1. How big is the dipole moment of the chain about its Cα centre under a simple scheme where the beta carbon of each Lys and Arg is +1, that of each Asp and Glu is -1, and everything else is neutral? Debye, nearest 20, please.
2. By the gyration tensor of its Cα atoms, with a ≥ b ≥ c the square roots of the eigenvalues, what is the shape of the chain: rounded for a/c under 1.5, prolate for a/b over b/c, or oblate?
3. How about segment 38-98: which chymotrypsin sites (Phe, Trp or Tyr not before Pro) there are in a DSSP loop, with at most 13 other Cβ atoms within 10 Å of their Cβ?
4. Counting only protein heavy atoms, what percent of the accessible surface of segment 3-62 is carbon or sulfur at a 1.4 Å probe?
5. Counting pairs on different chains as well as pairs 8 or more places apart, how many Lys pairs in the chain have Cα atoms under 21 Å apart?
6. Can you give the accessible area per residue of the chain, in Å², using a 1.4 Å probe?
Amino acid sequence: MRGVAAKRKSFRATLLGGHKDAACEVPFDPADAWGAPSAPLWRGRRGHRVRGRLNGFAFESAIVPRSRRFWLIVDAATRKGAGVEIGKTVGVQVQPSD
């Protein structure tokens with residue numbers, strides 16, 4: 001249990017609109033924080049699969065690199081379940097899903 005807690009990261013971020021799904025900036029490099037390289041997510045995209053909570057709502061998603069930053073993808077179902085809208089500040093807890 002201690003290993004999982006050590007990998008869990010918490011932060012606050014603003015939910016931003018994206019070209020596919022919403023996202024929020026992740027304030028750390030997942031490869032450095034978790035000691036695991038990125039992996040293929042879908043064609044043409046690598047990142048880190050994660051699970052966590054957004055304003056207390058459990059979700060599964062991915063952190064992807066874009067523009068020299070890291071972004072947590074937040075789909076419509078998670079936004080609805082967490083009761084959040086684009087532009088709002090959210091509380092995030094994430095950890096690797098593997």
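The values are calculated or read from the model by the stated rules, or taken from the named source; none is laboratory data. Nothing here was measured: the structure is a model prediction, and the numbers come from that model. Virtual Cβ from ideal backbone geometry, glycine too; neighbours counted across all protein chains shown. The accessibility values were calculated without ligands, DNA or RNA, using every heavy atom of the protein model including side chains. Shrake-Rupley method; radii C 1.70, N 1.55, O 1.52, S 1.80 Å.
1. Values: 18 positive and 8 negative charges, 11 e Å.
Roughly 60 debye, rounded to the nearest 20.
2. Numbers: a/c = 1.65, a/b = 1.17, b/c = 1.41.
The shape class here is oblate.
3. Numbers: sites: W42, F57, F59, F70, W71; in loops: none.
Counting only loop positions with at most 13 other Cβ atoms within 10 Å, none of the chymotrypsin sites (Phe, Trp or Tyr not before Pro) in segment 38-98 qualifies.
4. Numbers: 1830 of 3740 Å².
Carbon plus sulfur share of accessible area: 49 percent.
5. Values: K9/K88; K20/K80; K20/K88; K80/K88.
For the chain, qualifying lysine pairs total 4.
6. Result: 64 Å² per residue.
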